[in-house]
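As structure tokens, the structure follows; a few thoughts come after it.
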Amino acid sequence: MNNKDYKNKNLIKYGNSQTILDFVEKKLLENASIRELMKDEYISFGGIRDFLYFKFCPLFFGLCPHSKDKKDSFCNTNSCWLEKMSDMNPVEEDYDHQFFHNLVKLTVQPSICPECGEDNLELKWQDEGYLAKLGLINFADVAYLECKNCKKRFITNQDKMAVEFLLKVFLAKPSKKSPVKAGQTVVLPIDKVGLEIFVEYLEKEKDIKTIWKRLDPFSISDQIGELDLNIAVADFMCEYYNIEYEEKNESDTFFEDFEDDDISSEKFDISDLFDDFDEK
């Protein structure tokens, strides 16, 4: 499968023979959150599939084959993973927030309330009109953490850095050629760890043309009327993790030959990108 053949990587279809484990593995193939959690483990898992099977339950992704709200003494996680997707109640097409909710909660920051220091934070997705518009740009799929103690609500660090970066790109030199346009909706990825890695990469990039190409890798924002960063982040993650869609040996690990580049903590002024850039 060529990842440029379709726009939304999260719309994974399932067949009659596909198990819940098959479905979740494919849906998380490009997800940085699950991969970073794997790297924190002492055990070296052969891949996402093994990690899911031994560390999680389908209920974690809102896919309990028995429609339970919580695990109980009768649950058999190993058996549940091998249930067929076709035997479950119909899965809503637009359920990404539910599917990724617990995974996002495990990996977003802050982990404690900056206001009162409590660690009992509840993940909430953007309410209608709540920071949906910032200046001339609309943002969608913003994640917040709400403290159950003091009721303060904080935008996740990952979304905050992405919003600030995109506003800098837009304000530095607005252009018809830029994928970030006035009045446009920018859809932030639900994979917040992937978003953070992606923005850190863009902040080190000195060529504005490359930044624009990365933000809209397949030049479709004009066609669909919004800038869906799920597409840009998923495309970048394929390169970052060296993901290939050919049939693979399940015993191979994704990380054997992967080394993190040294990431500089120094931030540069993005306005410098535009000094010598002439529009044609």
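The values are calculated or read from the model by the stated rules, or taken from the named source; none is laboratory data. Being a predicted model, the structure only gives us computed values, none of them experimental. Don't worry about glycine lacking a Cβ; one is built from the backbone with ideal geometry, like all the others, and counts go over all protein chains shown. Side chains included, ligands, DNA and RNA excluded: accessible areas come from the protein's heavy atoms. Shrake-Rupley method; radii C 1.70, N 1.55, O 1.52, S 1.80 Å.
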*Has the stretch 192-203 got at least one residue that is open to solvent by less than 20 Å² (accessible area, probe 1.4 Å) and farther than 30 Å from residue 37 by Cα?*
no
_Could you list, ordered by first residue, the pairs with Cβ atoms under 7 Å in which the first is in the stretch 71-89 and free of Cβ contacts under 8 Å to residues at least 24 places away in the same chain and the second is surrounded by 16 or more Cβ atoms within 10 Å (Cβ to Cβ) and part of a helix (DSSP H, G or I), at least 6 apart or interchain?_
71/59
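Taking residue 142, is it touching a residue at least 60 places away in the same chain (Cβ under 8 Å), under 19 Å from the mean Cα position of the chain (by Cα) and within 30 Å of residue 119 (Cβ to Cβ)? Don't jump to the end; show me each part of the working.
Values: touching a residue at least 60 places away in the same chain (Cβ under 8 Å): no; under 19 Å from the mean Cα position of the chain (by Cα): yes; within 30 Å of residue 119 (Cβ to Cβ): yes.
For residue 142, the condition - touching a residue at least 60 places away in the same chain (Cβ under 8 Å), under 19 Å from the mean Cα position of the chain (by Cα) and within 30 Å of residue 119 (Cβ to Cβ) - is not met.
Just for the stretch 111-148: of the residues that are assigned to a loop (DSSP other than H, G, I, E, B) and touching a helix residue (DSSP H, G or I) at 6+ places or on another chain (Cβ under 7 Å), which one is modelled with the highest pLDDT? Quick ask: steps written out before the conclusion?
Step one: of the stretch 111-148, the residues assigned to a loop (DSSP other than H, G, I, E, B) are 111-120, 126-132, 135-136, 141-142, 148.
Subset that is touching a helix residue (DSSP H, G or I) at 6+ places or on another chain (Cβ under 7 Å): 135, 142.
Values: 135: 65, 142: 92.
Only one residue tops the list, namely 142.
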*asked:* What's the number of the only condition in (1) open to solvent by 60 Å² or more (accessible area, probe 1.4 Å); (2) touching a residue at least 60 places away in the same chain (Cβ under 8 Å) that residue 105 fails to meet?
replied: (2)
*If you scan the stretch 201-229, which residues turn out to be more than 19 Å from residue 187 (Cα to Cα) and either small (Gly, Ala, Ser) or in contact with a Gly (Cβ under 7 Å, 6 or more places away or on another chain) (or both)?*
none
*Report whether or not residue 220 is modelled with pLDDT of 85 or more and more than 19 Å from residue 142 (Cα to Cα).*
no
*Check residue 177 against each of (1) out of contact with any Asp or Glu (no Cβ under 7 Å at 6 or more places or on another chain); (2) assigned to a loop (DSSP other than H, G, I, E, B) and name the one condition it does not meet.*
(1)
